[in-house]
1. Pick from Leu108, Leu72, Leu234: which residue has the top mean-square fluctuation in a GNM of the chain where Cα pairs under 10 Å get a spring?
2. I need to check one value: relative contact order of the chain, counting alpha carbon pairs closer than 8 Å and at least 6 residues apart, in percent.
3. Calculate one ³J(HN,Hα) per residue across segment 10-26 by plugging θ = phi - 60° into the Karplus curve 6.51 cos²θ - 1.76 cosθ + 1.60, and present them in order as whole Hz with x for glycine and proline.
4. Restricting things to Cα coordinates, could you compute the convex hull volume per residue of segment 1-104 in Å³?
5. If you build a Gaussian network model of the chain, linking Cα atoms that sit under 10 Å apart, which residue out of Gly174, Gly135, Gly224 swings the most?
6. Restricting things to alpha carbons, find the Rg to Rh ratio for segment 60-176 using the Kirkwood radius for Rh.
7. Can you give me the pair-distance distribution of segment 181-267, C-alpha pairs, 10 Å bins, whole percents?
8. Work out how far the C-alpha atoms of the chain reach from end to end along every principal axis, then list the three figures in whole Å, largest first.
Amino acid sequence: MPNASLETLLAKSIDYAGMFPPCSLALEAALQNHAQYVRSPEAWMLNTFVLPIEQFDSAKQLLSQFDPAHQLRVAALGPKTANADAFLEALDEADVAIRALARYDVDLLSISHLEMFLPDDVDLTLLKEARSIVGDLPVFWEAPPDSAEQTAALLAEHNSDEDAATFGYKLRTGGVTADAFPSSAQIASALVTPATHQLPIKFTAGLHHPIRQFRAEVKTKMHGFLNVLGAAVLAAEHRWDARQAAIMLEDEDPDSFSFTQDFFAWRDWKIDIERLQYRRKFVASFGSCSFDEPRDDLRALGLL
C-alpha cells in the first residue's frame with residue numbers, strides 16, 4: 001500500500017469511464033476491465049463505473065463477473081438536453097431507470113450518484129424541481145468551465161436550503177483535442193468557488209496522468225490529477241484565491257509534491273491526514289477512460 005497521505009488523497013478517486021473517448025470500448029469489454037480492476041491491488045483508488053442510462057438494460061445481462069464482495073458501483077450518466085422542459089422530462093426518465101436498476105440485483109450492483117448536464121436556462125426553481133424528482137440521490141451537475149463560478153454559486157444556494165448537500169458540480173477538464181482543455185485559470189476559478197461554499201465537486205476527462213505535462217496525442221498540456229485534486233483540497237484548506245490555485249495547476253515538477261504518513265504537501269503548503277480526509281468529502285473523484293495509465297504513471301514516480 002502507498003503511504004497514508006497518498007492513499008487519502010486518491011482513495012476512491014477514479015471513476016472508470018472506459019466506454020468514452022479516447023478508449024471508447026464496448027460495454028462488455030469495459031465491464032470486463034472493471035471486474036478485473038475491483039479485484040486488483042489498487043482497487044482502493046477505484047470509485048464507480050460510468051454507465052450511460054441508455055445502456056442500463058444491456059448492463060443487466062453482464063453482471064455475472066461481479067459478486068457481493070466485488071460489486072458494480074454505478075455512476076449513472078444522464079443525457080444532455082437543450083432546455084429546461086427537455087431537461088425535466090429526461091430527468092424523470094433517468095430517475096425511473098435508476099430506481100429500476102437499483103432494485104434489479106442489490107447483491108451485485110449499487111447506484112452511487114447521477115451525473116447530468118444542466119441546461120443553459122437553469123435557475124433555482126429548476127433545481128428545486130430536479131430535487132423533487134431525484135429525491136436524496138446525490139447528483140453532480142455539469143456546466144461549461146466559463147460558467148463554473150455562477151453554476152457553483154447557484155448549486156450552493158440550493159444546497160443551503162436542503163438537509164444535505166447532495167447537489168455537486170462536475171467540471172470537464174479535457175478531451176481528445178486541444179480546444180477541449182480549459183485553461184488553468186478557468187479550472188482555478190471553478191475550484192475556488194466550491195471550496196468557499198463547501199460544495200462537492202468532481203472532474204471528468206483529460207486527467208490520465210498525475211502531473212501536468214505536454215502530450216503529443218492532444219497537442220497540448222494535459223492537467224495532472226495530483227495537481228487538480230491537490231489544488232482543490234489545498235485551496236479549500238488555506239482559502240486560496242484563483243491566482244494561487246492556478247500556480248499549483250501549472251506546476252510540472254513532480255518534486256513539488258510530497259506525500260508522508262502525516263501530511264500531503266505542495267511546495268510549502270501542507271494539509272494533515274485528518275484535514276485531508278475532511279476535504280476529500282467535497283473533492284469527490286475524476287472520470288478517466290483508463291485505470292491503467294494513472295497507476296502506471298504513479299509507479300513510474302515511485303508513489304505506488
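1. Sorting by GNM fluctuation, first place goes to Leu108.
2. 20
3. 10, 4, 6, 9, 10, 8, 6, 10, x, 7, 10, x, x, 5, 6, 6, 5
4. Hull volume over Cα atoms, normalised by residue count, gives 128 Å³.
5. Greatest mean-square fluctuation among the candidates belongs to Gly135.
6. 1.00
7. Per 10 Å bin, starting at zero, the Cα-Cα P(r) for segment 181-267 comes out as 17, 52, 27, 3 percent.
8. 49, 42, 39
The values are calculated or read from the model by the stated rules, or taken from the named source; none is laboratory data. This structure is a prediction, so every number in the text was calculated from the model and none was measured. Because the Cβ atoms are built from the backbone with ideal geometry, glycine has one as well, and the counts that use them run over all protein chains shown. To get the accessible areas, we keep the full protein, side chains included, count just its heavy atoms, and leave off ligands, DNA and RNA. Shrake-Rupley method; radii C 1.70, N 1.55, O 1.52, S 1.80 Å.
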